[in-house]
Amino acid sequence: MKLPFDIERELIRKLINGDKIAFSHLFSFYKSQVLYYCVHFVKDKEIAEDITQDIFLTVWEKKEDIRIEQSFSAFLYTIARNRIYDIFRSLSARSVLYEKLMEQAIDYVDDVEKSLEEKNIKELIAQALEQLSPRQREIFELSRNRGLSHKEIAEQLGLSVYTVQDHIKNALEKIRAYLIPFISACPILVSLIILKYVKP
């Protein structure tokens with residue numbers, strides 16, 4: 001199934017100009033096709049969904065590089081192919097490094113907790129949440145405290161899934177940035193503490 005040529009071209013024109021509604025329409029139409037493409041290579045739906053989200057984020061970031069006369073699906077699949085290739089190319093080296101870092105990090109988390117009482121860590125995270133905008137905090141708490149999926153949050157608040165994901169990503173970045181000055185540890189340790197004390 002394809003979008004009518006004139007409709008797709010108009011959506012692409014609007015996307016290039018930064019129209020989020022046009023992007024949402026294209027995302028909704030092409031998402032399942034891109035997801036299927038990714039699943040074919042990575043053999044894991046959850047990983048494929050993450051890659052698909054990343055692909056569309058790249059589309060948004062590179063929207064000004066799109067040419068109206070170019071096939072949008074070709075542009076999309078080029079990004080998808082390159083992203084999957086990059087993942088496979090770096091997977092082996094990264095997995096070895098990641099495992100070593102995780103081993104060191106997990107061993108060190110106990111030392112961090114010895115210098116910071118659990119109550120203090122929870123207070124720091126509560127303070128970090130206060131740094132979020134009201135909308136970011138609302139979405140983050142719906143995701144982490146109530147366990148709603150991105151789709152459920154989007155439907156409840158009348159937002160796109162892409163917007164919800166963007167808010168959660170930005171919220172996590174703000175929380176990490178807030179915690180780092182208080183915890184003399186590398187970012188991966190801060191991430192582990194967030195995983196432990198912020199409900200997944």
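Just so you know, all these numbers are worked out from the coordinates, no wet-lab data involved. Computed from a prediction, not measured in an experiment: that's the story for all the values here. Counting neighbours? That spans all protein chains shown, and the Cβs are built from the backbone with ideal geometry, glycine included.
Taking a sphere under 11 Å around the Cβ of A171 and counting the other residues whose Cβ falls inside, with K and R at +1 and D and E at -1, yields a net charge of +2. Measuring between alpha carbons in the structure, the pairs from K122/K169; K63/K151; K43/K174; K31/K63; K45/K151 lying more than 27 angstrom apart are K43/K174.
Looking at the square roots a ≥ b ≥ c of the eigenvalues of the Cα gyration tensor of the range 5-92, which shape do they give, rounded for a/c under 1.5, prolate if a/b is larger than b/c, or oblate? In terms of gyration-tensor shape, prolate.
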